[in-house]
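The values are calculated or read from the model by the stated rules, or taken from the named source; none is laboratory data. Source: prediction; values computed, not measured. When we count neighbours, we look across all protein chains shown, and the Cβ atoms used for this are built from the backbone with ideal geometry, even at glycine.
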Amino acid sequence: MKNNIWFFGDSFTYGDGCVEDRPVNGEYHKLNPFGVLWRNGVADHFNMNQINKSAGGASNDWIINSLIEEIVNIQPNDIVVFGLSWSERFQLINKEFKIHQNFLTQQFTNPDNPNDLVILDPTDKKYNDELYNMLKLFSIEYRIQHGEILKLYQYAQASNLLKKIKQSNVKTLLWDITNQHQYETIDEVIGNGDRHWSWKGHNDWMMKCIELLENNEHEFKPYLRP
């Protein structure tokens with residue numbers, strides 16, 4: 001029986017821009033529908049079953065919690081590839097659907113994004129507006145202002161979890177979204193402003209990821225730290 005390779009991360013792991021559902025019928029995917037997502041290529045290279053636990057727009061809180069939820073299912077000789085996202089993102093409970101929902105700070109700090117685009121409670125506009133304004137302050141005064149401290153804190157959480165997992169004979173790789181700039185983006189190909197990776201970007205990171213795992217490297221450095 002094949003072992004599993006687990007992928008935890010945000011849109012750069014999920015493949016936004018190169019998958020049809022994110023964004024729906026996106027421009028780049030229409031023009032360039034054929035290519036290999038980096039996580040698919042890595043899974044095929046190691047001949048392992050892929051378990052993708054990534055999501056577009058994921059916060060580090062969500063990504064770390066996803067690893068905690070699955071930690072009992074990760075078996076010896078599995079591989080875990082863990083990608084940290086931007087520290088400013090956060091998650092809340094969506095009252096309508098009773099689920100954890102990820103939020104981007106841009107949703108609260110972009111002057112062109114009115115609060116009626118962030119629906120936290122569809123049954124109570126007054127409550128929704130008050131909570132939006134509170135979260136706007138929270139985003140600016142806490143998540144953004146102390147982003148570098150949060151980054152180190154979240155890095156330590158992920159690193160310690162992965163070190164514990166490695167004790168069970170599981171190969172792990174920790175990487176950080178700040179390394180994204182090393183690889184070609186969709187914007188560089190078609191000029192649409194999408195900073196997610198193109199197929200070439202996916203291929204180049206796939207090759208680097210395979211190299212790191214084969215050399216038993218546990219982290220892709222350097223990270224941008226204070």
(request) Run down Gly56, Gly35, Gly17, Gly41 and say which single residue is closer than 20 Å to Tyr183 by Cα and within 12 Å of the chain's Cα centre (by Cα). (result) Gly56
(request) Find the residue count for region 74-106, including only residues that are out of contact with any strand residue (DSSP E or B) (no Cβ under 7 Å at 6 or more places or on another chain) and free of Cβ contacts under 8 Å to residues at least 12 places away in the same chain. (result) 4
(request) Assess whether Gly17 counts as being crowded, with 19+ Cβ neighbours inside 10 Å, in the same structural domain as Val80 (by TED's automatic domain parsing) and on the phi > 0 side of the Ramachandran plot. (result) yes
(request) Starting from residues that are among the polar types (S, T, N, Q) and within 20 Å of the chain's Cα centre (by Cα), keep the ones in region 123-158 and report whichever is surrounded by the fewest Cβ atoms within 10 Å (Cβ to Cβ). (result) Gln157
(request) Filter region 1-25 for residues that are of a type in the set (Lys, Arg) and within 19 Å of Leu213 (Cβ to Cβ) and give the result. (result) Lys2
(message) Cβ-Cβ under 8 Å, sequence separation 6+ or interchain: first residue in region 26-44 and assigned to a loop (DSSP other than H, G, I, E, B), partner aromatic (Phe, Trp, Tyr) and modelled with pLDDT of 95 or more. Which pairs?
(response) Asn32/Trp199; Phe34/Trp199; Gly35/Trp199; Val36/Trp199
